[in-house]
Amino acid sequence: MNQMTEQSNHDLCLLAIEQKKNLELEYLSLGATLHAIKERQAFESGWSSWEEYCMELKMSESSISKLLRIYEIFVLRYAIEQPKLAAAGGWSTLAELLPLVSPQETSRERVEELLEIVTTQTRSDARKTIKGAVDGSPEDCNHADTYIIRICCDCPERWEIKPSWMENEEGTSRT
């Protein structure tokens, strides 16, 4: 590949990175706009309800709710700069942090720590860290003392499938 083509390819890749960053900033801006619309009930100027307005946006109420919560919590409550939020991986990544952030109990320092996790780790690793923090499960459990639970899809039967050193006479036990 000649040097000109290589430079052109690199520039194209950099353009996509810049566009993604701008897209995430626009989502955060959309959250701010939606917050203002809902607070002022501006949707009443042409729609009969907030739900009808959401349908006009062609976005799910769930996505809109997440954008609103991200704006209200990260921007309004904790005054985190929007470029920093965009660098954390975007609004969908921030939405995954929402269960870990309680506006009444979480300090700004803890929010900064969480943002550092999602900014510096791969998305997969960050999700493991977040999942462990949300449900208390270990990120990667490598303990020898583990077993599998088998659940029937047709009935409520459950079986613990234990390693041979943990087995009872039948090899499995019903729970």
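May I ask you to verify whether Ile70 is more than 16 Å from Ile130 (Cβ to Cβ) and of a type in the set (Val, Ile, Thr)?
The answer is no for Ile70.
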TODO: Output yes when any residue across the stretch 5-28 is under 21 Å from Arg110 (Cβ atoms), part of a helix (DSSP H, G or I) and assigned by TED's automatic domain parsing to the domain that holds Val111, and no when none is.
DONE: yes
Open item on the list: Condition first: part of a helix (DSSP H, G or I), in contact with a Leu (Cβ under 9 Å, 6 or more places away or on another chain), in contact (Cβ under 8 Å) with a residue 12 or more places away in the chain and surrounded by fewer than 20 Cβ atoms within 10 Å (Cβ to Cβ). Now tell me which residues in the stretch 94-110 satisfy that.
Closed with: Ala95, Leu100
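Among the listed residues Arg40, Arg77, which satisfies the condition of being among the charged types (D, E, K, R) and under 30 Å from Ala133 (Cβ atoms)?
Numbers: Arg40 fails: under 30 Å from Ala133 (Cβ atoms).
Going through Arg40, Arg77 in turn, just one is among the charged types (D, E, K, R) and under 30 Å from Ala133 (Cβ atoms): Arg77.
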Open item on the list: in a helix (DSSP H, G or I), assigned by TED's automatic domain parsing to the domain that holds Thr33 and either closer than 19 Å to Ser29 by Cα or among the aromatic types (Phe, Trp, Tyr) (or both): is that true of Ser124 in this structure?
Closed with: no
Task: Among (1) surrounded by 10 or more Cβ atoms within 10 Å (Cβ to Cβ); (2) at pLDDT 95 or above, the one test that Ser45 misses - done: (1)
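Going by what's in this entry, would His10 be described as over 19 Å from the mean Cα position of the chain (by Cα), free of Cβ contacts under 8 Å to residues at least 24 places away in the same chain and at negative phi?
Working: over 19 Å from the mean Cα position of the chain (by Cα): yes; free of Cβ contacts under 8 Å to residues at least 24 places away in the same chain: yes; at negative phi: yes.
Yes, satisfied.
The values are calculated or read from the model by the stated rules, or taken from the named source; none is laboratory data. Quick caveat: nothing in here was measured; it's all calculated off a predicted structure. Note that each Cβ is placed from the backbone with ideal geometry, even for glycine, and that neighbours are counted across all protein chains shown.
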